[in-house]
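Written out below as structure tokens is the structure these notes cover.
The values are calculated or read from the model by the stated rules, or taken from the named source; none is laboratory data. Everything numeric here is computed off the predicted structure, so don't read it as measured data. Reconstructed Cβ throughout: ideal geometry from the backbone, glycine too, with neighbour counts over all protein chains shown. Protein only, heavy atoms only, side chains kept; ligands, DNA and RNA dropped before computing areas. Shrake-Rupley method; radii C 1.70, N 1.55, O 1.52, S 1.80 Å.
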Amino acid sequence: MNLTQARGPCCKAAGPCSPHPVLLQSLWDYVVCQLAPTVTSPFFPALLAFSCFIAFSLPFAVIDVLGKSCPFLYKYKIQKDKRPTLKMMGLCLRHALYNHTVYVSPAVVINQLWMPVAPLPMAAPTLIELVVEVLGCTLLFDFQYFVWHVLHHRVGWLYKNFHAIHHEYVAPFALSSQYLGSVELLTMGFWSSTNPVLLKCHPLSAWASNVVSIWMSVEDHIGYDFPWSLHRLVPCGLYGGARAHDLHHRKPNTNYAPFFRHWDMICGTTYVEHDKEQEA
Ligand SMILES: [Zn+2]
Ligand SMILES: [Zn+2]
């Protein structure tokens, strides 16, 4: 089949754009032809991140509300005696909305002045390129946040002014993943928007890495250790996930990395809970 014919009138006008068909090309053609005004808006990455935060958090908020009346899921709660209330969830939601309105939106406009949105390429990435680029962005973000996090726990002034708010909850819950100070949120947003540019990623990989990071941040805070949790699926204990981050909220000088465990292992800041402690 002729590739240009297969890709519709919008792409025909733009000319041939990929030397060979790839798995993601049909999806990317649809994005370029139908969604270009939306995805090239400077606000798109922030809106994508915020809607993913809400969509990923809500199912766990429902499990928290149901509590012991949903025993087949609640039995996996890590700190069973600390169930979040609706008031706590509402406060986190209000705080996230406030941060996005007052800080993130103006930051997006300022960012647009020095880093305008680039035109969309016509070719999609291959599946391997997408996976490699998402992994690259996630590993880079993990390293950046690890360094930032260690500094903000070791320097009292930094902790008090920028990170202490996130530790108000000793037992994290999904909606508390964005219960952050404005500086922490803006720093994370800066990395999320500049890392894909630094690594020369395809826009689809940039958005995918954003979605994956939001999922992993929410999963860090869900407060449940499910048998299907990511840290149980990644081999060799290389991924921290909910149990490792829950421990960070209880023992704040351990488990600094947000996602993976290698930096904590190298720096000797890993903390693993033993079975007897879990039962206590
Ligand atoms: Zn946290
Ligand atoms: Zn911390």
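Taking 7 Å steps out from each Cα toward its Cβ at Asn161 and Leu48 produces label points 3.3 nm apart.
Rounding to the nearest 10 and keeping the result within 0 to 90°, find how far the Cα-based axis of helix 241-250 lies from the longest principal axis of the chain. Relative to the chain, helix 241-250 is tipped by roughly 40 degrees.
Can you pull the percent of segment 78-198's accessible area that's carbon plus sulfur, 1.4 Å probe, other chains left in place?
Working: 4530 of 6310 Å².
So the carbon and sulfur contribution to the accessible surface is 72 percent.
Amide hydrogen proximity for Phe260: with H placed 1.01 Å from N in the peptide plane, the residues at 5 or more positions away or on another chain lying under 5 Å are Gly240. Semi-axes of the equivalent ellipsoid of the chain are 36, 21, 19 Å, computed as sqrt(5λ) over the eigenvalues of the C-alpha gyration tensor in descending order. Per residue, the chain exposes an accessible area of 52 Å² to a 1.4 Å probe, with every protein chain left in place.
The count of lysine pairs in the chain that are at least 8 places apart or cross chains, and whose C-alpha atoms lie under 20 Å apart, stands at 14.
Full extension of the chain between Thr126 and Leu23 yields a length gain of 36.4 nm, computed as 0.36 nm times the residue separation minus the alpha carbon distance.
In this structure, the amide hydrogen of Tyr224, modeled 1.01 Å from its nitrogen in the peptide plane, lies closer than 5 angstrom to those of Ile78, counting only residues at least 5 positions away or on a different chain.
Projecting label points 7 angstrom from Cα along Cα→Cβ for Lys68 and Leu151 puts them 4.6 nm apart.
Among the chymotrypsin sites (Phe, Trp or Tyr not before Pro) within segment 142-239, which fall in a DSSP loop and have no more than 10 other Cβ atoms within 10 Å of their own Cβ?
Listed in order of number, the matching sites are Trp228.
The stretch between Leu186 and Ala118 holds 22.3 nm of extra length on full extension. This uses 0.36 nm per residue minus the Cα-Cα distance. Here the label points at Thr101 and Val272, each 7 Å from Cα along the C-beta direction, are separated by 4.6 nm in the simple model.
For segment 41-183, with only Lys/Arg (+1) and Asp/Glu (-1) charged at the beta-carbon, what is the dipole magnitude about the Cα centre, in debye rounded to 20? Could the numbers behind the result be given before it?
Working: 10 positive and 6 negative charges, 153 e Å.
Magnitude of the dipole: close to 740 debye.
Computed from Cα positions, the angle between helix 105-114 and the longest principal axis of the chain comes to roughly 50 degrees.
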